[in-house]
Amino acid sequence: MAGRDEIDARILRVLRGDGRISNADLAAKVGLSPSACLRRLRLLEQNGTIRGYTALIEADEREVHLVVLTQITLERQTEESLNRFEAAVRRCPEVRDCYLMTGLSDYLMRIEVSDAGDYERLHKEVLSRLPGVARIQSSFAIRTVVGRG
């Protein structure tokens, strides 16, 4: 966003670390009065810089989650093809993150499934049927080294 200054950047850094921080504590950390801090926070929300807040939920210990990083290459890279693919991916709850990429593949997705069999089902029934998919390449994560959300 154009017009963001150093104070806005400090607010965003603090919120990335603790999205539930009170306004009073946030104001103290960024060097503003609580009212000025709240005003800036509301502006960041209104202009779309802050799109929302979320809770990061630890997986149930009884469930074994497998993280799969999947690269998708489309047959075509037209705006219509990209829009159709993206709309379909948004309806797939196993896809936790999806990024439009530069390089050899068009999209990189982080997928969470219960096990390899669950991923096989997802691959057959969902991923291979997404609009315009030409190639799917997947890698299974061994363990998380840094996980910030």
Just to be sure, is VAL68 surrounded by 15 or more Cβ atoms within 10 Å (Cβ to Cβ), under 17 Å from the mean Cα position of the chain (by Cα) and either at pLDDT 95 or above or basic (Lys, Arg) (or both)?
yes
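Can you name every residue in segment 111-136 that is closer than 23 Å to LEU82 by Cα and part of a loop (DSSP other than H, G, I, E, B)?
VAL126, LEU130, PRO131, GLY132
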Can you tell me which residue is farthest from GLU80 (Cα to Cα) among those in segment 137-147 that are open to solvent by 60 Å² or more (accessible area, probe 1.4 Å) and in contact (Cβ under 8 Å) with a residue 40 or more places away in the chain?
THR144
Subset of segment 124-136 (residues that are of a type outside the set (A, V, I, L, M) and either within 13 Å of HIS65 (Cβ to Cβ) or buried (at least 17 other Cβ atoms within 10 Å of the Cβ) (or both))
GLY132
Checked against (1) farther than 29 Å from GLY19 by Cβ; (2) surrounded by 15 or more Cβ atoms within 10 Å (Cβ to Cβ), ARG110 satisfies every condition except (1)
Could you tell me whether any residue of segment 84-91 is surrounded by 10 or more Cβ atoms within 10 Å (Cβ to Cβ) and part of a strand (DSSP E or B)?
no
Which of the residues belonging to segment 24-47 are free of Cβ contacts under 8 Å to residues at least 12 places away in the same chain and in a helix (DSSP H, G or I)?
ALA24, ASP25, ALA27, ALA28, PRO34, SER35, ALA36, ARG39, ARG42, LEU43, GLU45, GLN46
Quick one: which of GLY52, GLY31 is under 29 Å from ARG16 (Cα atoms), of a type outside the set (Lys, Arg) and more than 21 Å from the chain's Cα centre (by Cα)?
GLY31
Residue satisfying all of: in segment 92-104; outside any strand (DSSP E or B) and under 18 Å from the mean Cα position of the chain (by Cα); surrounded by the most Cβ atoms within 10 Å (Cβ to Cβ) among these
GLU94
What pairs come up if the first residue lies in segment 70-86 and is farther than 13 Å from TYR99 by Cα, the second is open to solvent by less than 30 Å² (accessible area, probe 1.4 Å) and acidic (Asp, Glu), and their beta carbons are under 8 Å apart, counting only those six or more places apart or on different chains?
LEU74/ASP106; GLN77/ASP106
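The values are calculated or read from the model by the stated rules, or taken from the named source; none is laboratory data. Just so it is clear, the model here is predicted, and its values are computed rather than measured. Every residue, glycine among them, receives a Cβ derived from its backbone with ideal geometry; neighbour counts consider all protein chains shown. With ligands, DNA and RNA removed, areas are computed over all heavy atoms of the protein, side chains included. Shrake-Rupley method; radii C 1.70, N 1.55, O 1.52, S 1.80 Å.
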